[in-house]
Amino acid sequence: MNDNSDRMVKMNESKTPEQKITCACPRGHKLRGGPEMIGRQVRCPRCRDVFSFGYAIRESVSDTAVLRLLGDAPAPPPEPKSAVRARPCNKCGHAISPEATVCQHCNCYVGQLDTFFQQLHRSKPNPN
């Protein structure tokens with residue numbers, strides 16, 4: 001026991017109070033000591049248990065606690081609008097919106113064909 005007692009360190013050997021850290025013995029009693037005591041064998045003055053002085057091991061953090069710390073994620077940016085299909089003007093050939101009735105380039109009336117007329121135009125056989 002003499003060898004073991006030689007390695008024992010008294011808790012009052014720390015010189016600067018601002019450098020003290022707090023550690024708990026295996027039975028939960030809190031002890032304070034300097035950073036030079038980390039890893040050394042010490043005896044708790046209350047329960048007399050011998051243990052290795054060091055930082056207290058913290059419990060692992062749960063997934064829920066991590067999510068609370070991170071907070072809500074920002075909303076994703078809106079998806080870009082799909083490219084608007086354009087059709088050529090019958091007179092000048094510039095691209096115009098399919099819903100447009102007047103070409104903005106040449107001011108020609110282009111109108112909108114009903115679905116029936118569009119299908120009729122496509123199904124018409126070529127006169128050649």
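Below is a table of values for the structure above.
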quantity	calculated
Residue in region 59-72 that is at pLDDT 80 or above, over 30 Å from A24 (Cβ atoms) and not assigned by TED's automatic domain parsing to the domain that holds A24 present	yes
Residues of region 18-50 classified as crowded, with 16+ Cβ neighbours inside 10 Å and in a strand (DSSP E or B), total	6
Contacts under 7 angstrom Cβ, first residue in region 39-51 being among the basic types (K, R), partner surrounded by 14 or more Cβ atoms within 10 Å (Cβ to Cβ) and part of a strand (DSSP E or B), 6 or more apart	R40/V9; R43/V50
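The values are calculated or read from the model by the stated rules, or taken from the named source; none is laboratory data. Since the structure is predicted, the reported quantities are computational estimates derived from the model, not experimental observations. Cβ atoms come from the backbone with ideal geometry, glycine included; neighbour counts cover every protein chain shown.
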